[in-house]
Structure formats: structure tokens, C-alpha cells
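Bear in mind these aren't lab numbers, they're just calculated from the coordinates by the rules spelled out. For clarity, every value in this text was computed on a predicted model and none was experimentally measured. Cβ placement follows ideal geometry from the backbone for every residue including glycine, while neighbour counts extend to all protein chains displayed.
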Amino acid sequence: MTTHHFSVDVEEYFQVSAFEGSVPRTSWADVLIEEGYRYDSSLFPVKRNNYGYPGGQRDPHWLERPSGRLMELPPATLRWWGLNLPAAGGAYFRLLPYALVKAALTDSEARGVPATFYIHPWEIDPGQPRVEGLKKSHAFRHYVHLDKCASRKKR
């Protein structure tokens, strides 16, 4: 697998918290364009209970809006049995088998399109302070495999 790095000016890039982006037919994209953003990674083309855009495109594409264009860089997925499986990083990188992430990145490479992968800085800090009182599901999703994330990233 070949690794290529594509970088954007951080001041021109946006990604909503927890991929809560609305469908591209709404005005949020216009607001980003008007504020000077050129890139977005909010439309995660997966079906989840609390977020996702299952009808979205898997590959980078332009969102054409009345106020201009916005490059959408969807987080990486793996198409399997008619579903888009999330494989872009974050909790998916820590919780799911490494083979799934690798397969998604290899698939993108084979299709000749860049894959968007992300990792949060706190995910490579297993010694971070623990927040008391979290729901067990939230604590699991946040803290599990923090001790393995840095070594997985080096693969």
C-alpha cells in the first residue's frame, strides 16, 4: 500500500464534531464557504444511529452551492455487502480489526482516489486523565485500546 499525504491549510478546513453534518442540500455548506472554508470532512457516508450520511459519496467531490464550491473529503469507508463500513480512524481505528482499516485504504488506492484518515491527539495518550461518571458505553468507546493506538498507527 502506497502512502500519499494530502494536506490542506487548517484555516480553510472544517469537520463537525461527531460527523453531525446535515445533507449537502442545506445551507451549512454555504455558511462554511462564506466564512472562507474550502474543504470539509463532515459527511461520513455510513448509517449510524446518531450520525452519518448513508446516501453520501465515498470519494472526494465538490459540493456545488449558490455561494461557491466546497471540497468534501469524506472519511474512509469499505464497501462490503452493499454497506459502507466506517474505517476512517478515531474509535474505528482503535475498536475494529486493523485489517478493515487496511482494506479500506487499499481499496481507495486501487480505485485511484485518496482516503481520508484521521486520528485525535488524545487517542495516542493512554495516560490521559479519566472522566468520572461517563456511561459505560461512552467510556468504552473513548478509552479502549488507547495503549495500542500509537503502535497500530505505525503499521
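Reachable lysines from LYS102, Cα under 20 Å, same-chain residues fewer than 8 places away excluded?
The qualifying lysines are LYS148, LYS153, LYS154.
Can you compute 3J(HN,Hα) from phi for each residue in segment 89-101, using the Karplus curve 6.51 cos²θ - 1.76 cosθ + 1.60 with θ = phi - 60°, rounded to whole Hz and x for Gly and Pro?
So the J values, rounded to whole Hz, are x, x, 4, 4, 5, 7, 8, 8, x, 4, 4, 5, 4.
Using a Förster distance of 30 angstrom, determine the FRET efficiency expected from the C-beta separation of ALA110 and TRP62, and round it to 0.05.
Approximately 0.85, to the nearest 0.05.
What is the extension gain from LEU83 to LEU146, computed as 0.36 nm multiplied by their sequence separation minus the C-alpha to C-alpha distance, in nm to one decimal?
Working it through step by step, the gained length comes to 19.9 nm.
Please rank SER27, SER137, fewest neighbouring Cβ atoms within 10 Å first, as an exposure proxy.
By the 10 Å Cβ count, ascending, the order reads SER137, SER27.
Output wanted: per-residue J couplings in Hz (rounded whole) for segment 110-121, from phi through Karplus 6.51 cos²θ - 1.76 cosθ + 1.60, θ = phi - 60°, x for Gly and Pro.
3J(HN,Hα) across segment 110-121, in whole Hz: 5, 7, x, 10, x, 10, 8, 10, 9, 8, 7, x.
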